[in-house]
Every structure is written in C-alpha cells, then in structure tokens.
Amino acid sequence: MKKYTLIGPFKQILTMTGLPLKGPLSDEQLPILENGGIIMVDEKIHYIGSYPEIQTKANHLNAQNIPIQSNMVCLPGLIDAHTHICFGGSRAKDHALRNSGKTYLEIAKAGGGIWDTVTETRKATTSSLIEGVKKRADRHLAHGVTTIEVKSGYGLSVEEELKMLRAIAQADKECHPDLIPTCLAAHMVPKDYQGSPADYLLEISTLLFPILKKEKIANRIDAFVEEGAFSPVSIAAYFDNAKAIGFDITVHADQFSTGGSDVAVKYKAVSADHLESSTEKEIQLLAKSNTVATALPGASMGLGCSYTPARRLLDAGAALAIASDWNPGSAPMGNLLIQAAVLGTFEKLTNTEVLAGITFRAAAALNLKDRGTLKTGLLADLIAFPTDNYQEILYQQGMLLPSLVCKKGKLIVGIN
Ligand SMILES: [Zn+2]
C-alpha cells in the first residue's frame, strides 16, 4: 500500500529543474514556484504544483497532510560531494603551528600533517570511527545536507582502508543522510610502506579493489595527484585498473600544483576537486569535458589560500559543484552553506550558481541521478528555510538554518 503525504504550502519552492549542468546561471533563470506544495509517495516525489491544485489531488490520494503554517522556502536537500569525515584524532596543533608561520614541512617534522591523522585513525576502533562519522553527518543534516560523500584515505593499507570503508558503510545504516563512500587509499604514500609508490598502488588495486566490489562498500576511486603525493605518471596504472573494474574516478587536482585536472579529464573522472592552482589551460580543459569542477572553499579558508577560480570556470563553460572538504587538517569547519555563501561573495557567483553547486551539480559530481532537483520520481529529499525570500539563505551566509529537513519522504527535522 503506497503512502502519500502532502507537504505545504511553501512560500517559494526552488525545484532547481530545467537548468543546464554546465556554464553560468543568472538568477533570472531560477525557477521559483510560489505558494506550492509537494506530494510525496513513500521515498519519492509524486507531484509538485501550486497548493490549491495539489490539495485536490492529495484528497483523491488520501494523502496524509503536513501543513506549513509559516513562511518557508523549500529546495532540494543539499549535497556535500567531498568530505573526509571518517577520522581519528584532531589536528588543532597543526592549525596553531600553521597560523604561527610554520611551513608544511616543519609541521610534518613536529609530528603533524596527514600522517598524524593516519596514526590516530589506525589506533581508533571501528566503533569510535562509526560514532565520529554519525556525529558529523547528523550535524550536517541539521544544516540541510542530506547526502554526504565520505572518503577513506587515513588507513593507507589494505586492512586499514577496509576498516574505514566498513565503518562508513555501517555509519550510513545508522544515520539519516546518505553517505556515498569513496576509496582514497591513494591519499599519500604511507611512510611505513616498504617499497616504491608504484608497488603500493599495485598492492591496493590488486588486493583491495576486488574486496570493495565484492562487499559493495565503495564504487568510487580517488587519488591525490600532487607534488609530494602521486604524480600524473605514477597514478596512470592505478586509474587504468580502477576503470577496468568499473569504478568511477575522482581526483584531488591542482591544489598546489597543476597536473591533476589533466589526469581527471583524461580518465573521464566524474569530478576534479580543489583546482585552486588551475590556470587558463586547466580551466579550458575542464570546461570542454564532462568532469565536474568541485570547489572546496573550506580548504582555502583553513589554509589561508586563494579560492578556486569558480567564476572563470563557470564563464568558460564548466560544471561547478561546491563541497566542504570537511577534514581534520585543512578544513575543520565543515559547514557547507557558510563556505558556499562565502565563495559566492569572493568569486561573484549568482545565488543560482551557488545553489546549483550544492544541489544538482553536486549530484552530478557524485554521478547520482536520483536527487539534486525536486521533480516527480526523484527522492523526496527536501529542506525548507524559515523565510519568504530565497535570497535570505545566502545573504545570511549560512546562519539561517533549515527548520524542516525531509529525507526520503521522512520528516527528520521540523514539525511533528
Ligand atoms: Zn579532500
């Protein structure tokens, strides 16, 4: 027996439909449905329309009613397409050292950097990792994020990466947001590995990849292509192997040096993330490809570096997603809406471009076709902010929180 629910009326519904995946977007293009309602059926959206019209429809369907009695603006649940929220320990010391002028190398010598998180994550029990992921995912949910990509990459051995990805899979079962797992075993060459970087990557692809497929705990392979991590040449065989078994590819690209986005485009990656150092050449390359360019303003804020050239990417014709990069080292804040709003101000992005970057363009970065816009047949992931004007959302720079969050048709935050 299908269960229908009518929710509304909303002062405005931003369906985010009918907009192109790539290129600039003006606010005049943003479709706004005034005084609208949504009929949900089980986990999905059944119908969206003007409230008076939809009420009659809902009566015929015997729908349960969730009445909205104040002004609210509804939009698709937000999607954070890049996080590292499965980790042990804290890097507060790194942050203090960095802000007191110490270099990356000096911090690493003082026991900081990614390796510190690897050590703490390896020490952590699976249950403490699960609890950490759930805690962060629930905080994200309260901010309107209903889908969260989560990377491994602090295990850096077959067993420890498996421990992380199994913890993420378990956390996904125990929290409301959907967690989309990504294997980032190629985050750095582990310090304790006895062998060459090529040996390490070969070991991961031969021993870990088949288990990921068998246990269905990750369908995405990521690598940090960067000086000091993996070079474009050294990662080629790894991505060849990943593609051959059917994984989606995503790349940490052009953060400090270029080369990564080239690899991303060559391997038809679903996304190239970071891009703070991308030059005109990389921008053009990405714009001509189907790889989504994902800006990570949280990392720029965390490190005090320049922002991803989001404006130029959009103007060149690229698809731009915006994600938090929430991680213990360079992006500890983990607030997608604040970061997206701030990026919009610095890069002169329209409201529509920012909202697209955390909804349907972020869905494309994760190769998810069932969410990111509000339309019949897609998941009923929707959020609503207590305002009568959508412009208030980014104007308040992340301080206006949704008073309603609905995940797969279920009201998680809000009335009831
Ligand atoms: Zn990252």
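The values are calculated or read from the model by the stated rules, or taken from the named source; none is laboratory data. Bear in mind the structure is a predicted one, so any value in this text is a computation, not a measurement. FYI the Cβ positions are ideal-geometry reconstructions off the backbone, even for glycines, and counts take in every protein chain you see.
Evaluating Val133 against the criteria (1) within 16 Å of the ligand (Cβ to nearest atom); (2) touching a residue at least 60 places away in the same chain (Cβ under 8 Å) leaves one unmet condition, (2).
Pairs are defined by a Cβ separation below 7 Å, a sequence spacing of at least 6 or placement on different chains, a first member in the range 151-162 that is closer than 24 Å to Ser271 by Cβ and more than 15 Å from the ligand (Cβ to nearest atom), and a second member that is assigned to a loop (DSSP other than H, G, I, E, B) and among the small types (Gly, Ala, Ser); the pairs so defined are Glu161/Ser152; Glu161/Gly155. Report whether or not Pro20 is in a loop (DSSP other than H, G, I, E, B) and touching a Leu at 6+ places or on another chain (Cβ under 9 Å). Taking the combined requirement at face value, the residue does not satisfy it. For the range 50-101, the candidate set comprises residues that are within 16 Å of the ligand (Cβ to nearest atom) and either basic (Lys, Arg) or assigned to a strand (DSSP E or B) (or both); within that set, the residue that is surrounded by the fewest Cβ atoms within 10 Å (Cβ to Cβ) is Arg91. Checked against the criterion of being surrounded by fewer than 24 Cβ atoms within 10 Å (Cβ to Cβ), touching a Ser or Thr at 6+ places or on another chain (Cβ under 8 Å), under 25 Å from Asp315 (Cα atoms) and modelled with pLDDT of 95 or more, the range 380-387 has no qualifying residue.
Modelled with pLDDT of 95 or more and surrounded by fewer than 19 Cβ atoms within 10 Å (Cβ to Cβ): is that true of Thr147 in this structure? No.
For the range 250-269, does any single residue satisfy the condition of being farther than 23 Å from Met301 by Cβ, hydroxyl-bearing (Ser, Thr, Tyr) and surrounded by fewer than 19 Cβ atoms within 10 Å (Cβ to Cβ)?
No, the range 250-269 contains no residue that is farther than 23 Å from Met301 by Cβ, hydroxyl-bearing (Ser, Thr, Tyr) and surrounded by fewer than 19 Cβ atoms within 10 Å (Cβ to Cβ).
Ile45 meets each of the listed conditions (1) in contact (Cβ under 8 Å) with a residue 60 or more places away in the chain; (2) under 30 Å from Val251 (Cβ atoms) apart from (2). Of the numbered criteria (1) under 13 Å from Ile79 (Cβ atoms); (2) within 13 Å of the ligand (Cβ to nearest atom); (3) aliphatic (A, V, I, L, M), the one Ala363 fails is (2). For the range 41-89, the set of residues classified as touching a Phe, Trp or Tyr at 6+ places or on another chain (Cβ under 8 Å) and among the basic types (Lys, Arg) consists of Lys57 only. Evaluate the range 335-358: report whether one residue or more is assigned to a helix (DSSP H, G or I) and either among the hydroxyl-bearing types (Ser, Thr, Tyr) or on the phi > 0 side of the Ramachandran plot (or both). Yes, there is a match, as at least one residue in the range 335-358 is assigned to a helix (DSSP H, G or I) and either among the hydroxyl-bearing types (Ser, Thr, Tyr) or on the phi > 0 side of the Ramachandran plot (or both). Being within 14 Å of Arg220 (Cβ to Cβ), assigned to a helix (DSSP H, G or I) and within 16 Å of the ligand (Cβ to nearest atom) is the filter here; which residues of the range 235-288 pass it? Listed by number, the list holds a single entry, Ala264. When the range 104-122 is filtered for residues that are buried (at least 21 other Cβ atoms within 10 Å of the Cβ) and assigned to a loop (DSSP other than H, G, I, E, B), only Gly112 remains. Do you know which of the residues in the range 335-355 that are surrounded by 24 or more Cβ atoms within 10 Å (Cβ to Cβ) and within 12 Å of the chain's Cα centre (by Cα) is nearest to the ligand (Cβ to nearest atom)? Among them, the one singled out is Leu336. For the range 226-247, the set of residues classified as surrounded by 15 or more Cβ atoms within 10 Å (Cβ to Cβ) and not aromatic (Phe, Trp, Tyr) consists of Glu226, Ala229, Ser231, Pro232, Ser234, Ile235, Ala236, Asn241, Ala242, Lys243, listed by residue number. Candidates in the range 163-180 are the residues that are closer than 19 Å to Ala331 by Cβ and in a strand (DSSP E or B); of these, the one that is farthest from the ligand (Cβ to nearest atom) is Leu179. Look through the range 222-234, keep the residues that are of a type in the set (Gly, Ala, Ser) and within 16 Å of the ligand (Cβ to nearest atom), and return whichever of them is nearest to the chain's Cα centre (by Cα). Per the stated criteria, the residue is Ala223.
Within the span defined as the range 66-87, every residue fails to be farther than 30 Å from Thr373 by Cα, of a type outside the set (Phe, Trp, Tyr) and touching a residue at least 12 places away in the same chain (Cβ under 8 Å). Picking from residues in the range 375-401 that are under 18 Å from the mean Cα position of the chain (by Cα) and part of a loop (DSSP other than H, G, I, E, B), the one that is nearest to Asn335 (Cα to Cα) is Gly398.
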